[in-house]
Amino acid sequence: MWMYTKHGAFSCVKSRQEPLDGMQVRARHKEYLDDLLDAVDLDLPIISTPNSDYGFRVIARPKQWKIISKYLMNSIDYPDFKSHLHNTGFFKNGVEENYDIYTGAYNSYVRNSDSIYNY
């Protein structure tokens, strides 16, 4: 699952590594994971995977994943996500190809799919 948050863009998937009951939270930029782990006060090792699409990841056990996902859900404090990202400089700071990724995902999923959501 892709998660575009005010804390960064993450790819969250079931872990194929130990612990197998864990979730991998992956990011293209280490600082996204650094900031997230600081915010949730978890001390998880950040694994560098330079030959992968997502160069950095943590493996969170189910209880840790619950803390992370709950934090991300509760951190939504804006009425419009795209405006929030523009207003905070998320698209301008060059940390990632944020705008292209966000709008590409939006356009391919929401506008060009048989989504259950009618936008």
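Quick one: residue 70 ticks every box in (1) modelled with pLDDT of 60 or more; (2) under 15 Å from residue 8 (Cα atoms) bar one, so which box is it?
(2)
Give the stretch 54-63 a look and list any residue that's in a helix (DSSP H, G or I) and of a type outside the set (Lys, Arg), or say none. Quick ask: steps written out before the conclusion?
Let us first name the residues in the stretch 54-63 that are in a helix (DSSP H, G or I), namely 62-63.
Hit for the stretch 54-63 is 62, nothing else.
I'm trying to understand the selection: among the residues of the stretch 75-106, which are within 18 Å of residue 1 (Cβ to Cβ) and either of a type in the set (D, E, K, R) or at pLDDT 90 or above (or both)?
Correct list: 96 only.
Of the residues in the stretch 1-53, how many are within 12 Å of the chain's Cα centre (by Cα), modelled with pLDDT of 90 or more, outside any helix (DSSP H, G or I) and hydrophobic (A, V, I, L, M, F, W, C)?
Counting residues in the stretch 1-53 that are within 12 Å of the chain's Cα centre (by Cα), modelled with pLDDT of 90 or more, outside any helix (DSSP H, G or I) and hydrophobic (A, V, I, L, M, F, W, C) gives 4.
The values are calculated or read from the model by the stated rules, or taken from the named source; none is laboratory data. Everything quoted here is computed from the prediction, not taken from an experiment. With ideal geometry, Cβ positions are generated from the backbone for all residues, glycine too; neighbour counts draw on all protein chains shown.
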